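A short worksheet on the structure shown next.
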Amino acid sequence: MAKKLIISIDKNGFVNAEVSGVRGGKCLDYISLLEDILEGNVVSREYTHEYHQQETEVKMEQNLQAKLK
């Protein structure tokens, strides 16, 4: 899946951003970069299913590695 940062600006000048194609907390790096560029701060945040996918996969990976030893 392609990584995307979807940005929209409403009529009042508020910026909305959505990251897709990035699993886990790495998506927050994109938002942090956008905050730096715009010299602004996140007002509210919603996490997508992709945000939670990384955590599950890492735990599964760790469990598999423990069983292989």
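The set of residues in segment 1-50 being over 14 Å from the mean Cα position of the chain (by Cα), of a type in the set (S, T, N, Q) and open to solvent by less than 100 Å² (accessible area, probe 1.4 Å) consists of Ser8 alone. All of Lys11, Lys4, Lys67 fail the test of being at pLDDT below 90 and either out of contact with any Lys or Arg (no Cβ under 8 Å at 6 or more places or on another chain) or of a type in the set (Ser, Thr, Tyr) (or both), apart from Lys67. Note on segment 1-57: residues that are in a helix (DSSP H, G or I) and among the small types (Gly, Ala, Ser) amount to 3.
The values are calculated or read from the model by the stated rules, or taken from the named source; none is laboratory data. This one's a predicted model, so the numbers in the text were calculated from it and none came from an experiment. No Cβ is skipped: glycine too gets one built from the backbone with ideal geometry, and neighbour counts run over all protein chains shown. What goes into the accessible areas is simple: the full protein's heavy atoms, side chains included, and nothing from ligands, DNA or RNA. Shrake-Rupley method; radii C 1.70, N 1.55, O 1.52, S 1.80 Å.
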